[in-house]
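Since the structure comes first, as structure tokens, the remarks are kept for the end.
The values are calculated or read from the model by the stated rules, or taken from the named source; none is laboratory data. Predicted, not measured: the structure shown is a model, and the values here were computed from it. Neighbour counts are summed over all protein chains in view; Cβ atoms, including those assigned to glycine, are modelled from backbone coordinates with ideal geometry. Note: accessible area is taken over every heavy atom of the protein model, side chains too, but ligands, DNA and RNA are not part of it. Shrake-Rupley method; radii C 1.70, N 1.55, O 1.52, S 1.80 Å.
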Amino acid sequence: MRRTVTPAIVLAVLGLLVGGLFRYAFDQSDEASVANYARSALEGAVITLIVWATHLYLTTRSGWLRRLPLVVELVVRSVSIAVIVAVAAMALEIILYAHGLEAKWVRETFLKIVGLSLLLSIPITTIYELVRMIGGHTLLNIVLGRYRQPVREERVLLFLDLVGSTSLAEAMGELRVQELLTRFFFDIDDPIVAHGGEVHAYVGDEVIVTWPADTGQPSRRYLDCVFAIEDRLAKRADHYRKEFGVVPAFRAGMHAGPVVIGECGDSRRQIAYFGDTVNVTARLQAHCKEAGRPLLISGELLRLLPPDPDFVIEPLGSTQLRGRAASIDIFAVTRRASS
């Protein structure tokens, strides 16, 4: 919800300002009344929100559009927005000013409104595509230069990978498995975002998710995220069977601790995570297969969780993970069956 509401509020305020500035820049001085400024500001806000709603619809409801080349997708978006803005501008002119469409308005104002809307849609769409490609938090941190120098932060990490991807590739072919992975990553994104997680990276058949560790307030959102992913895949099971002949399953490892975060690269910048916490989480995820459990967490993560009757926490003892000298306490987590 926050992904759509917050931008909508920001864009509505921007639309109010642009609408008022539009009146100031292009209208005659004898029309500079408070009522006209208010109508122009309202018109700017409504048109901006309509553009945002159109953008969301084309992004979330038009799967065919996202399969097109990016340039073609942007052209289709721009044309769609131009048509919708044109219709909205004419409707608002009639509603707000209580008169028909005058030839002077169509000739002098209408085209300016459409042109300005398209001009504003270009940076908005560009920023959205950048966020979609590299992540909102990553983009913001790069812009602000937060991790130009390495920083140590307390983080919760989730390593989650597709079960049996190698055998699936042999049976289905690499291209077909990549299509499955693309769909899998797409479907689990909403549960991740809904529970405050941020996708750090996709590595082969694995996704790495991170949260700032809230050490002062226990939270169950980390585990809720994993089980929400499970529920999402179960809900989409028929679709997967129909399209791929298999329903994807996953194994996941979760750990919490200090992580060194730094900005790496020049021609392509990215935020990289380093440290023992990252290595332990990867080993936990790999240990799921040996332990025969789909979800393993560490004792460090368990300390961040509130007592909750919905979860069954099974201690597996102190375990020395592969490639690591020190052992850690490992726990298997499942949901308690509803009675």
In the range 285-339, which residue that is open to solvent by 80 Å² or more (accessible area, probe 1.4 Å), not charged (D, E, K, R) and not in a strand (DSSP E or B) is modelled with the lowest pLDDT? SER339
ARG221 being farther than 22 Å from ARG67 by Cβ, of a type in the set (D, E, K, R) and open to solvent by 30 Å² or more (accessible area, probe 1.4 Å): yes
Consider only pairs whose beta carbons are under 8 Å apart and that are at least six residues apart or on different chains; among these, list those whose first residue lies in the range 21-44 and is under 23 Å from ILE9 (Cα atoms) and open to solvent by less than 40 Å² (accessible area, probe 1.4 Å) and whose second residue is among the aromatic types (Phe, Trp, Tyr) and modelled with pLDDT under 80. SER40/PHE22; GLY44/PHE22
Those residues of the range 166-180 which are surrounded by fewer than 20 Cβ atoms within 10 Å (Cβ to Cβ), assigned to a helix (DSSP H, G or I) and without any contact (Cβ under 8 Å) to a residue 60 or more places away in the chain, in sequence order: THR166, SER167, ALA169, GLU170, ALA171, GLU174, LEU175, GLN178
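For every residue, the table says whether it meets (1) touching a strand residue (DSSP E or B) at 6+ places or on another chain (Cβ under 8 Å); (2) more than 24 Å from ASP187 (Cα to Cα).
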| site | (1), (2) |
| --- | --- |
| LYS235 | no, no |
| HIS255 | yes, no |
| SER267 | no, yes |
| ASN279 | no, yes |
| LEU316 | yes, yes |
| ASP329 | yes, yes |
Which condition breaks for GLU179 when tested against (1) in contact with a His (Cβ under 9 Å, 6 or more places away or on another chain); (2) farther than 24 Å from GLN270 by Cβ; (3) of a type in the set (D, E, K, R)? (1)
Pairs, please: C-beta under 7 Å, at least 6 apart or cross-chain, first residue part of a helix (DSSP H, G or I) and in the range 82-95, second surrounded by 12 or more Cβ atoms within 10 Å (Cβ to Cβ) and charged (D, E, K, R)? LEU92/GLU43
